[in-house]
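What follows is calculated from the coordinates using simple rules that are stated; it is not laboratory data. As the structure is a computational prediction, the values presented were derived from the model and not from experiment.
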Amino acid sequence: SDNGSGDEDDGIPLLHPVSSGRVGEEPTVICMPNLQAEALRIAELLSAAHLEGHAWGDMAILCADWKTMDLCADALQQRKLPFKVRKRSGDYNPGTDAVQIMTMKVSKGLAFPIVALPGVGHMPAAGEDEQEAARVFYVAATRATQRLVIGAGGDAKFGGKL
């Protein structure tokens, strides 16, 4: 029984979709010649965010694999930035004022104002299922509540889609 206003259908008011509450900038996409350069650029961006007033503990670098985690740890160490590498699920201490470096998979359920995803341009890895890689990327990308940095250098499928 439409009353002519277009706002109701069968007496049920139409609701407009509500955002999930996350607000922030468009993602920053960086394209560097290799993962090491990407890690160094991410370290620069995180350092700049700290100068803007963000706490180190509000930042996370989420990686597809341990090799990328190690490259990122090296880059932060070169710039003398505080960081904590989490290779097992029990390694996370949310009170630590340090950049958290972990795999995309173990980041599930966590949230950080600033998240960097190095190596997305190298996903999916050789032999990895594309749908599974996309799911893991989605989990990682949605950990960011304010700012997301995506490393898109590389020649895998995801790099060309960013």
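Points to keep in mind about this one:
- What the phi angles of region 46-55 give under the Karplus curve with 6.51, -1.76 and 1.60, with θ = phi - 60°, is a coupling list of 5, 4, 5, 5, 5, 5, 6, x, 7, 6 Hz, glycine and proline written as x.
- Note on region 30-140: Kirkwood hydrodynamic radius from all Cα pairs is 14.0 Å, rounded to one decimal.
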